[in-house]
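To start, the structure under review is shown below, and the notes come after it.
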Amino acid sequence: MAYKIIASQCTQCGSCEFACPSDAISFKGEGYVVDSKKCTECKGEFDTQQCASVCPMPKTCVPA
Ligand code: SF4
Ligand code: SF4
């Protein structure tokens, strides 16, 4: 499992990129994307998904 970013709601603030412990989020093309191969859902590192925690937009970092 992995998280994804709903591009239409993303303000491209960049907070999630720095919060991700797995280096799974990067800016590609026109927006931020989650590399599903790298996303661990923060398991073993945090109790909550850090991208969703820091994102200022509700329901923008969600389970894929
Ligand atoms: S759930 Fe965690 S590991 Fe996955 S993209 Fe978000 S911050 Fe990174
Ligand atoms: S934290 Fe949310 S609004 Fe900011 S870049 Fe990431 S997904 Fe977009």
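Ratio to report: Rg/Rh of the range 3-63, with Cα atoms as the point set and Rh obtained by the Kirkwood method; give two decimals. Could you put the intermediate results ahead of the total?
Values: Rg = 10.3 Å, Rh = 11.3 Å.
Dividing the radius of gyration by the Kirkwood radius yields 0.91.
May I ask you to derive the relative contact order of the chain, considering only C-alpha pairs under 8 Å and at least 6 residues apart, and to give it as an integer percent? Kindly include the intermediate steps, with their values, before the conclusion.
Values: 104 pairs, mean separation 29.7, N = 64.
With pairs under 8 Å counted, the relative contact order is 46 percent.
Each value in this text was obtained by applying a stated rule to the coordinates, not by laboratory testing. Bear in mind the structure is a predicted one, so any value in this text is a computation, not a measurement.
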